[in-house]
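Presented below is the structure to which this report refers.
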Amino acid sequence: MQHESHVLPRPAGLDDVKGWFHNIDQVLFDWFLTRQRERGQQGDLLELGVYLGKSAIFMGQYLEEGQTFTVCDLFDSPADDAANDKEMNKSYSSLTRTAFEANYRAFHDELPVVVQGPSHVITERVEQGSCRFVHVDASHLYEHVHGDIAAARELLGEDGIVVLDDFRAEHCPGVAAATWGAVATTGLKPLCITATKFYGTWGSFEPVRTELGGMLSGRKDFWHGAEEVAGHSMIRIDGRKARIPAQPKSRYEKERGPATAAAGSPVTAPRRLLRSLIGR
Ligand SMILES: C[S@@+](CC[C@H](N)C(=O)[O-])C[C@H]1O[C@@H](n2cnc3c(N)ncnc32)[C@H](O)[C@@H]1O
């Protein structure tokens, strides 16, 4: 039998980690988390739904001394209900915790605190009001997302930021219902939206909204505009052309092929290589 380590992933860069985390959302995670760091805002990080670790690896860069990063996922455990089980089998059938951990360790010396189980256990594992940033990206079914948003509200401290994935995708209307339901009924204030993620806060709105608008106005690589939603000036962002921010480095970076490494950016390199091969 082949030893397990032979099949563990050795990603040379973040783009080698399978997942869903667009450039524009990397820009925004970087901006919110850097702003918190620069203001000395204390608090922990939390992600519900990690899959193979793409967004978790990115978030891990912003962890400060004495802070905790907790991630929660079912991984290869069965879900609590049939609908969630079906969702898991359809979308994440090959997921294992070992693969996530190998990916994460390629970029960071220490693993986050890993809670393997359904996301509704998170309020028993993370202290109330202790977080500054929560990324909700676990089940995309209404009941689960509704519960995850309630958990985020309970776990976030003053002026914390919540990010909700797939809040408007056609294949998961329950996320949209839970997101806008929270805006309408719980005081969740919408700061901005991209094609796939919603960014909001239950804390103070104006200072962060104003600074965000300032940052966006200085960027020429994406479009943005404001829209009044539930009494708040929410920013819509079209980030299809957004430049990727600095990414965490993998300890296997040198294992990248010479042509790709020479091209610099992990995203553009394969395209350049292809162009040189077909002579364009
Ligand atoms: C969309 S993926 C996460 C993607 C990841 N954040 C990224 O950017 O690559 C959703 C994850 O949620 C997990 N999941 C699904 N239902 C869950 C539940 N009820 N509790 C915890 N995790 C769940 C799945 O195992 C899967 O890994």
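The values are calculated or read from the model by the stated rules, or taken from the named source; none is laboratory data. None of the values given here were measured: they were computed from a predicted structure. Here the Cβ is made from the backbone with ideal geometry for all residues, glycine too, and neighbour counts use every protein chain on show. Note: areas computed on protein heavy atoms with side chains; ligands, DNA, RNA excluded. Shrake-Rupley method; radii C 1.70, N 1.55, O 1.52, S 1.80 Å.
Provide, for q = 0.15 Å⁻¹, the log10 of I(q)/I(0) from a solvent-free Debye sum over equal Cα point scatterers in region 121-229. Once normalised to I(0) and log-transformed, intensities are -0.64.
Counted over all Cα-Cα pairs of region 1-152, pairs farther apart than 19 Å make up 55 percent.
Towards the positive end of the charge dipole of the chain, with charges on Cβ (+1 Lys, Arg; -1 Asp, Glu), say which of Ile235, Ser139, Leu216 has the farthest Cα. Sorting the options by dipole projection puts first Leu216.
With the simple spin-label model, which puts each label point 7 Å out from Cα in the Cβ direction, the Glu124 to Glu38 separation comes to 4.1 nm.
When only Cα pairs below 8 angstrom with a gap of at least 6 residues are kept, the chain shows a relative contact order of 20 percent.
Going by accessible surface with a 1.4 Å probe and the largest first, His171, His146 read His171, His146.
Measuring only protein heavy atoms, the 1.4 Å probe finds His144 accessible over about 40 Å². Centre-to-centre separation between the Cα atoms of region 217-251 and those of region 100-151: 24 Å. Heavy-atom surface analysis with a 1.4 Å probe gives region 43-161 a carbon and sulfur content of 43 percent of its accessible area.
Cross-link partners of Lys220 among lysines, defined as those whose alpha carbon lies under 24 angstrom from its own and excluding same-chain residues fewer than eight positions apart: Lys197, Lys241.
If the label point is 7 Å along Cα→Cβ of Asp85, which residues in region 123-152 have backbone nitrogen under 19 Å from it? What the label zone holds, given the 19 Å backbone N cut-off, is 139-144. Taking 7 Å steps out from each Cα toward its Cβ at Arg251 and Ala177 produces label points 4.5 nm apart. The trypsin sites (Lys or Arg not before Pro) found in region 129-223 that occupy coil by DSSP, while having at most 12 further C-beta atoms within 10 Å, are Lys220. Taken per residue, the accessible surface of region 14-80 reaches 37 Å², heavy atoms only and a 1.4 Å probe. Extending 7 Å from Cα along the Cβ direction at Gln116 and again at Thr210 yields two label points whose distance is 4.8 nm. Panel note: the C-alpha atoms of region 1-91, placed on their principal axes, show extents of 49, 34, 28 Å (largest first). Straightening the chain between Glu228 and Ala184 buys 14.5 nm, computed as 0.36 nm per residue apart minus the Cα-Cα spacing. For the chain, the normalised intensity computed at q = 0.08 Å⁻¹ comes to -0.34 (log10 of I(q)/I(0), Debye sum over alpha carbons, equal scatterers, no solvent).
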